[in-house]
Amino acid sequence: MVIFGASGDLTKRLIVPALYNLTKSGLLPQQFALIGVDHNPSDTNTWRNALHDFLEQTAKAGRGEFEAQAIDEQAWSRLAGTMSYLSGDFADPATFTKLKSHLEERDRSDRLNGCALFYMAVPDRFFGPLVESLAGARLTEESGGWRRVVIEKPFGHDLQSAKALNDRVLRHLSEDQVFRIDHFLGKETVQNIMALRFANGLFEPIWNRDRIDHVQVTVAEAIGIERRGKFYETTGALRDMVPNHLFQLVAMTAMEPPVAFDAESVREKKADVFRAVHQVQPADAVRGQYGSGTIDNEKVRAYREEPDVAANSFVETYVALKLCIDNWRWAGVPFYLRTGKRLPKRWTEIAIRFKDAPLMLFGSESANVVKDNWLILQIQPDEGIRLKFNAKQPGPEMALDAVAMDFRYKDWFHQAPAVGYETLLYDCMQGDATLFQRADQVEASWRVVDALIRAWNAPPEEVFPNYAAGTPGPKATDTLLARDGRAWRPIR
Ligand code: BG6
């Protein structure tokens, strides 16, 4: 495995920790070599040590993914033993000549059967040129073993650029060599949507317009843009989150059952979802930008005061929109989507609202307390599934109350510490592309938001900022649902 961007944040925070977790669980191939490539002059030892120190600090701080207080040095040294570092400029053909001979050497010493996975953990402007340079050095030829390329997000900035990038990449690689990553698909709870729908006979008969009123998809984040002002100013919440992460959640929820659980069958059905979606128009969307405010009792600054952000920026940090899927299953069932930075808390859920009972048998008092029926797929945090329904309160009167049945991952399964990239890395080493995006899926997603992207190049009519940090988003978001006689679920 060759990582371009070996000194970058992604390598340090996600890729190498995921490889370490795979090593610990015995899933890293026996014959494996990890080659880091980056432009800064460094060497194997310095690279290895920096990665070890970061892993150790994260573990000691007991942060998120690591429950252990110390790292497993035995597993680490197994991984560390496979590492080597090459410094070289990505624009210099000599880098690829050097890489080629290094790969050949490692191939012989580590018996790699000619297989190589090239991981582009680099800013997106390098994706096209890197593929061309790899092809130029004949590193993408599958004469010995397989050759695959993993491309990170963002895959294009709009429909046109995504098409251009696909063309550029597919001039040198075949589709089955390209693994376009969307890290939301590495989340267990996202993969579990398929298990819930297709491993149970219970849900599928009610998973349609006959029984479902609408669906709400929320990806709320409490964090701001962190140190990514430059990136965010040219990206915004719509491009950053919607055609990729949120649409993946929609696709998993809305897809038809695949004929088999293999990459082509699953990806075909997911692509179909977005083929049936109309382009979103500005009238069906709301944009927002956070002002200063308070989150978790801490004062936070406005978006326009973040480093590398223009003082009059109208880049959106919040999006809400309505999607209509025009197929037999979903016609007339809107999917409402929202995502934003600096919302009250980190909370990702897919909430499915069932239609009301056709007739209310209980008295008018009870009618007031009858609550909506929801099935909530809780993606993160507190991963689980919740079914909300009405029940009779104990006592002589027929009084109702809303109750819930809860399934929580942590009550049922012991989950090994994971950063969310383990499955994805394992799958691309196995050549299983089920959780990766096909060229047409990416383009279909961009097509849906293309009109909105173009409309939002112009400043909003509303004054920005239009929501305070720590609040659930701009007021207009409520109108989007209220005009259909519906309301958002609170962000809890
Ligand atoms: C990234 C976006 O792709 O996903 C970030 O660029 C966002 O802006 C992140 O914060 C969210 O991912 P997760 O896994 O933390 O929910």
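In table form, for the structure just shown:
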{"read-out": "Residues being assigned to a strand (DSSP E or B) and over 25 Å from the mean Cα position of the chain (by Cα) - total across region 437-492", "value": "1"}
{"read-out": "Per-region count, region 145-172, residues of a type in the set (A, V, I, L, M), without any contact (Cβ under 8 Å) to a residue 40 or more places away in the chain and open to solvent by 40 Å² or more (accessible area, probe 1.4 Å)", "value": "1"}
{"read-out": "Output for region 173-196, where each listed residue is among the charged types (D, E, K, R), near the ligand (Cβ under 10 Å from one of its atoms) and open to solvent by 10 Å² or more (accessible area, probe 1.4 Å)", "value": "187"}
{"read-out": "Looking only at region 125-136, and only at residues there that are in contact (Cβ under 8 Å) with a residue 40 or more places away in the chain and open to solvent by 20 Å² or more (accessible area, probe 1.4 Å), the one that is nearest to residue 3 (Cα to Cα)", "value": "126"}
{"read-out": "So residue 391, is it in contact with an Asp or Glu (Cβ under 9 Å, 6 or more places away or on another chain) and exposed (fewer than 13 other Cβ atoms within 10 Å of the Cβ)", "value": "yes"}
{"read-out": "Residue within region 267-282 that is under 20 Å from the mean Cα position of the chain (by Cα), within 13 Å of the ligand (Cβ to nearest atom), surrounded by 16 or more Cβ atoms within 10 Å (Cβ to Cβ) and farther than 26 Å from residue 373 by Cβ present", "value": "no"}
{"read-out": "Single residue of region 102-124 satisfying the filter (part of a helix (DSSP H, G or I) and open to solvent by 60 Å² or more (accessible area, probe 1.4 Å)) that is farthest from the ligand (Cβ to nearest atom)", "value": "108"}
{"read-out": "Failed item, numbered, when residue 185 is tested on (1) more than 21 Å from the chain's Cα centre (by Cα); (2) assigned to a helix (DSSP H, G or I)", "value": "(1)"}
{"read-out": "Members of region 85-99 that are touching a residue at least 24 places away in the same chain (Cβ under 8 Å) and open to solvent by 60 Å² or more (accessible area, probe 1.4 Å)", "value": "89, 91, 93, 97"}
{"read-out": "Subset of region 1-54 (residues that are touching a residue at least 12 places away in the same chain (Cβ under 8 Å), out of contact with any strand residue (DSSP E or B) (no Cβ under 8 Å at 6 or more places or on another chain) and either in a loop (DSSP other than H, G, I, E, B) or basic (Lys, Arg) (or both))", "value": "12, 13, 24, 25, 27, 28, 29, 31, 32"}
{"read-out": "Some residue of region 71-84 being touching a residue at least 12 places away in the same chain (Cβ under 8 Å), part of a strand (DSSP E or B), in contact with a strand residue (DSSP E or B) (Cβ under 7 Å, 6 or more places away or on another chain) and open to solvent by less than 20 Å² (accessible area, probe 1.4 Å)", "value": "yes"}
{"read-out": "Any hit, region 209-219, residues being open to solvent by 40 Å² or more (accessible area, probe 1.4 Å), more than 21 Å from the chain's Cα centre (by Cα), closer than 17 Å to residue 250 by Cβ and more than 16 Å from the ligand (Cβ to nearest atom)", "value": "yes"}
{"read-out": "Positions within region 223-248 being of a type in the set (D, E, K, R), open to solvent by 10 Å² or more (accessible area, probe 1.4 Å) and either part of a helix (DSSP H, G or I) or near the ligand (Cβ under 10 Å from one of its atoms) (or both), in sequence order", "value": "226, 228, 230, 233, 239"}
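The values are calculated or read from the model by the stated rules, or taken from the named source; none is laboratory data. Remember, it's a predicted structure, so these values are computed and weren't measured experimentally. Counting neighbours? That spans all protein chains shown, and the Cβs are built from the backbone with ideal geometry, glycine included. Heavy atoms of the whole protein, side chains included, go into the accessibility calculation; ligands, DNA and RNA do not. Shrake-Rupley method; radii C 1.70, N 1.55, O 1.52, S 1.80 Å.
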